[in-house]
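Engineer: I'd like to ask you about the structure that follows.
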Amino acid sequence: MESDIRNDFKRLKSQADRVPVPEDCEENDRAIGFLEREMGVGHFDSLNLLVLSALLIFVAAAFLAVSSGKVDDNDKVGLSAKTFLSGEYTRALTDNYNEQLPIPETMKKIEEKLSVFYGLGNSFGEPEKNGKLPSGYEVSPFESDEDDEGGIGNSGKHENTLKVTTVITDENGETVTTEEEVTAKNGGTTALTRPPETSSTTTAFNMYTTTKSETTTNNNAPSITTTTTTMATRATKPTETEPTDTEPTDTEPTESTEPTDTEPTDLTDPPDTSGPEE
Amino acid sequence: MVYTDLIFILAVFPLTTVVSLLDRSAEYKNMVLILTSLLFFSWGRSFGVCLIFLTVVTDWLLGLGAAKLRGRSGKDPAGLLPVAASAVLNVLAVIYYNKNFLPAAGEVQTVWYVQNLSAVYYCLRGFSYVYDVYKGKTGAEKNIFCLMTYMLSYHFMCAGPLVRYGDIQSQIRSREVTGDKLNTGLNCIFLGLGKAVILSDLFAGLRQTGLGSEITTAGSWIGMLSFAAELYFLFTGLCDISRGLCLTCGFVLPANYREIDPDELFSGFAGGVNCTVVGFFKDLLGISGSGGAPSAVRLTFCSGLCALMTGGFYMVKDRAGMGAAAAAAAAALLVTAEQAGLKKAMKGLPAAVKYIYLLLTVTFIAGLAYFDSFGAFRRWAMTLVGIGTPYTLSVAMRDLLLHRLTLIIIAFFAVCAPAKKWLFSAGDKLSARSRGWYGSVRAVKTLCTALVFIMSIMTLVVRVTGV
């Protein structure tokens, strides 16, 4: 019996000796590495929690402790049952908190500087117009009650159709005003409202014709000089260029503030300011 | 008050978290939660808004009644009476809240679409509780304060998820706030804030530029896609904040949205956003798929019913909901068409084609939601193919796209599942090299999260102070 056991043992040992066992177990190393990382996970999670909670508490405390310096005691709402139940007290708390936010101008500057990294072409020190209109002013040019015969948002008209008002003083000294609609060659530019600093007004006078023209200076000069007097009816707020009166008194004498690309036409005589102006 | 208010993030939330950590008992935490929720809901408004919470009492009583009436077999039709009563009461509560406590839509205000949902989530929770009791999925709650914790908790108010009472019952009675939960919760809150403030603002700007005064073909496409993206990031950002708030309070809840999967086409996208509510209605209407694929007729009917409810809901306040109703109806038809055969037909197509299809359908549905009149929608649709405008791209849009390119790329990675997966797997490979690399990757993640929080706060300060 004992010899049988010994024989079995020897047989099994010889079988085991035939199987090669590596000196360094790769699986063991991998497991150790995994455990190390596991320990690191908890460690870095704690660090993450510490940093984020410290940041939150710091910002919250700073906003509560530091005020913007604005003091307005007149509108303080006291706590009473009536003001609390009506919501007046909590509204006043929110307003007071928002007004007392520290260094808003500095924060805006920092935000503008950091927004340089938001994309390409941003530069430090230049406030970014992100195209966002002030809240409450969202005009959809697609919303129009009239049928469009051509162009969107400008009923019956191409979107770049411009109304040109021409004021003519005839030989009898009578003022005649004509209006016509023209479309700029190649459709004009995509800028539908032009800031005042890019436009100039020149007035050309001759004995019989008074023409007011306006030229724009921008990177893409229009192929023709257009007179902008009335913009599309879809504009809901006054545009920079108001429709002018037919009275020539609204026109300034020739004071071209910026060099123009096109010369006023029919300029033969010096301007006679006394004639057109009443 | 909403999650993106400064006074909430920097005052109410930290204070209530610290106060609730002072005691470990669930009852104390529940009491703090209920009081904070009452304050949150009534902040800046008449306290009468809290009358809506009377439905807690009615739903509690109706739940007890449903448990008694359902009978031993659970199929007694008398048990449907409390369910129907709960449905009617909750619908009235939503109408009462929307009519009296929400501002009018006015001009397009994207936030309005999302703000409307808070009362809906509240009332759906109440109704789902009574329904689940009737169905036998959960027992009737005898302790009204536990039900009050479930119904009133401000964590679920803004943007879900819609949690069933049975899934959260044990956590209401006993939960623990661990370091791991706090860590994950803070990460969710900060990143959700970034989505709801920074990314949502980015697409708001693109929308206004594209659909504003300068009409161009590319602007019409980009503007409308940006409208959809603005809604998406606002909603998912609020969902992330909600999930983070729950974790800081010890609750572990499912996410309320899924990754966009092009294989599922528009149905998957529509079902993936607000997936807990969609799942509840699938269960309620019997189209959850557990008993096999539903018939096309049933699917059409259910989709139409959901569209009707969505449209009717947004139209309660004013006519601005017409767009939402049209969008919901179109979405329902599209989902039905896909389930009926379109999905099968498109199965073999490459992923790129499916993504393009998804973009087209989302743009179309967003266009219906954006405009109040069909004429405006028609005009916009014409500009998509260049009719009515001779211009392709405006200077303002080009500049804005370039100046915000980094954020657009970040938003792309946040939405596109394969790109996100590639990025995370690259990070995991780096982390796996050694402990040092792992630490570096984690440090970068922490730094980015902190930066997102700081930028969000600064954006909110600038927005609020109007400088």
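The values are calculated or read from the model by the stated rules, or taken from the named source; none is laboratory data. Here the structure is a predicted model, which is why all the values come from computation and not from measurement. Positions of Cβ are generated from backbone atoms using ideal geometry, with glycine treated the same way; all protein chains shown enter the neighbour counts.
Engineer: Can you name the condition, by its number, that B:F13 falls short on among (1) among the hydrophobic types (A, V, I, L, M, F, W, C); (2) at pLDDT below 90; (3) out of contact with any Asp or Glu (no Cβ under 9 Å at 6 or more places or on another chain)?
Structural biologist: Just one mismatch for B:F13, condition (2).
Engineer: May I pose another question? Being hydrophobic (A, V, I, L, M, F, W, C) and touching a Ser or Thr at 6+ places or on another chain (Cβ under 7 Å) is the filter; apply it to region B:18-66 and report the residue that is farthest from the other protein chains (Cβ to nearest Cβ). Walk me through how you get there before you give the answer.
Structural biologist: Residues of region B:18-66 that are hydrophobic (A, V, I, L, M, F, W, C), as a first pass: B:18-19, B:21-22, B:26, B:31-35, B:38-41, B:43, B:47, B:49-54, B:56-57, B:60-62, B:64, B:66.
Filter once more, keeping what is touching a Ser or Thr at 6+ places or on another chain (Cβ under 7 Å): B:26, B:32-34, B:43, B:49-50, B:62.
Working: B:A26: 23, B:V32: 18, B:L33: 19, B:I34: 18, B:W43: 5, B:V49: 8, B:C50: 10, B:L62: 29 Å.
Here the answer is B:L62.
Engineer: Suppose we filter A:A81, A:A92, A:A62 for residues that are closer than 27 Å to B:G48 by Cβ and either of a type in the set (D, E) or modelled with pLDDT of 85 or more (or both); which single one remains? Give the steps one after another, and end with the answer.
Structural biologist: On the way: A:A81 fails: either of a type in the set (D, E) or modelled with pLDDT of 85 or more (or both); A:A62 fails: closer than 27 Å to B:G48 by Cβ.
It is A:A92.
Engineer: Something else now. So, of the residues in region A:96-122 that are part of a helix (DSSP H, G or I) and among the hydrophobic types (A, V, I, L, M, F, W, C), which turns out to be farthest from the other protein chains (Cβ to nearest Cβ)?
Structural biologist: Residues of region A:96-122 part of a helix (DSSP H, G or I): A:96-99, A:104-118.
Among the residues that remain, those that are also among the hydrophobic types (A, V, I, L, M, F, W, C) are: A:107, A:110, A:114, A:116-117.
Values: A:M107: 5, A:I110: 6, A:L114: 7, A:V116: 9, A:F117: 6 Å.
Filtering first and then ranking leaves A:V116.
Engineer: Out of all the residues in region B:442-456, is one or more more than 9 Å from chain A (Cβ to nearest Cβ), within 30 Å of A:E99 (Cα to Cα) and in contact (Cβ under 8 Å) with a residue 60 or more places away in the chain?
Structural biologist: Initially, region B:442-456 is screened for residues more than 9 Å from chain A (Cβ to nearest Cβ), giving B:444, B:448, B:452, B:456.
Keeping just the survivors that are within 30 Å of A:E99 (Cα to Cα) gives B:448, B:452, B:456.
Now drop any that are not in contact (Cβ under 8 Å) with a residue 60 or more places away in the chain, which leaves B:452, B:456.
Looking for residues that are more than 9 Å from chain A (Cβ to nearest Cβ), within 30 Å of A:E99 (Cα to Cα) and in contact (Cβ under 8 Å) with a residue 60 or more places away in the chain, one finds at least one in region B:442-456, hence yes.
Engineer: While we're here: Restricting attention to region B:403-422, which residues are within 28 Å of B:A351 (Cβ to Cβ), within 8 Å of chain A (Cβ to nearest Cβ) and more than 22 Å from the chain's Cα centre (by Cα)? Steps first, answer last, please.
Structural biologist: Taking region B:403-422 and keeping what is within 28 Å of B:A351 (Cβ to Cβ), we get B:404-422.
Applying the additional criterion that residues be within 8 Å of chain A (Cβ to nearest Cβ) yields B:404-408.
Selection gives B:R404, B:L405, B:T406.
Engineer: In region B:24-40, how many are more than 24 Å from the chain's Cα centre (by Cα) and assigned to a helix (DSSP H, G or I)? Break it down into steps so the answer makes sense when it comes.
Structural biologist: In the first step, residues of region B:24-40 are kept if they are more than 24 Å from the chain's Cα centre (by Cα); the result is B:24-32, B:35.
If we keep only those that are assigned to a helix (DSSP H, G or I) as well, we get B:26-32, B:35.
Here the count works out to 8.
Engineer: Tally the residues that are of a type outside the set (A, V, I, L, M) and over 20 Å from B:R173 (Cα atoms), restricting the search to region B:25-53.
Structural biologist: Total satisfying the criteria: 11.
Engineer: Please enumerate the residues belonging to region B:41-74 that are over 26 Å from the mean Cα position of the chain (by Cα), among the charged types (D, E, K, R) and outside any loop (DSSP other than H, G, I, E, B).
Structural biologist: Across region B:41-74, the qualifying residue is only B:K68.
Engineer: Taking region B:421-465, which residues are under 30 Å from A:I32 (Cβ atoms) and among the small types (G, A, S)?
Structural biologist: Result: B:S425, B:A426, B:G427, B:S431, B:A432, B:S434, B:G436, B:G439, B:S440, B:A443.
Engineer: Another question, if that's okay. Condition first: crowded, with 17+ Cβ neighbours inside 10 Å and not aliphatic (A, V, I, L, M). Now tell me which residues in region B:51-82 satisfy that.
Structural biologist: B:F53, B:T55, B:T58, B:D59, B:W60, B:G63, B:G65, B:R70, B:G79, B:P82
Engineer: Checking the condition under 22 Å from B:D428 (Cβ atoms) and at pLDDT below 85, which residue from A:E2, A:E23, A:E38 passes? Full working, then the answer.
Structural biologist: On the way: A:E2 fails: under 22 Å from B:D428 (Cβ atoms); A:E23 fails: under 22 Å from B:D428 (Cβ atoms).
None of the other options fit; the residue is A:E38.
Engineer: For the list (1) within 11 Å of another protein chain (Cβ to nearest Cβ); (2) buried (at least 19 other Cβ atoms within 10 Å of the Cβ), I need the number of the one condition that B:A369 fails.
Structural biologist: Failed condition: (1).
For every residue, the table says whether it meets (1) at pLDDT 80 or above; (2) more than 14 Å from chain A (Cβ to nearest Cβ).
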{"residue": "B:A84", "(1), (2)": "yes, yes"}
{"residue": "B:I144", "(1), (2)": "yes, yes"}
{"residue": "B:T149", "(1), (2)": "yes, yes"}
{"residue": "B:G160", "(1), (2)": "no, yes"}
{"residue": "B:V177", "(1), (2)": "yes, no"}
{"residue": "B:N187", "(1), (2)": "yes, no"}
{"residue": "B:F190", "(1), (2)": "yes, no"}
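Engineer: Which ones in region B:28-50 are loosely packed, with under 15 Cβ neighbours inside 10 Å and either of a type in the set (D, E, K, R) or over 18 Å from B:C158 (Cα atoms) (or both)?
Structural biologist: B:Y28, B:S46, B:G48
Engineer: Based on what the data block shows, is B:P390 over 30 Å from A:A61 (Cβ atoms) and assigned to a helix (DSSP H, G or I)?
Structural biologist: Working: over 30 Å from A:A61 (Cβ atoms): yes; assigned to a helix (DSSP H, G or I): no.
Considered against the rule, which asks whether it is over 30 Å from A:A61 (Cβ atoms) and assigned to a helix (DSSP H, G or I), B:P390 comes out as no.
Engineer: Next up: Give me the pairs, please: first residue somewhere in region B:339-360 and touching a residue at least 24 places away in the same chain (Cβ under 8 Å), second residue anywhere and part of a helix (DSSP H, G or I) and exposed (fewer than 13 other Cβ atoms within 10 Å of the Cβ), beta-carbon distance under 7 Å, and either six or more positions apart or on two chains.
Structural biologist: Between residues of region B:339-360 that are touching a residue at least 24 places away in the same chain (Cβ under 8 Å) and residues that are part of a helix (DSSP H, G or I) and exposed (fewer than 13 other Cβ atoms within 10 Å of the Cβ), the close pairs are B:K354/B:D263.
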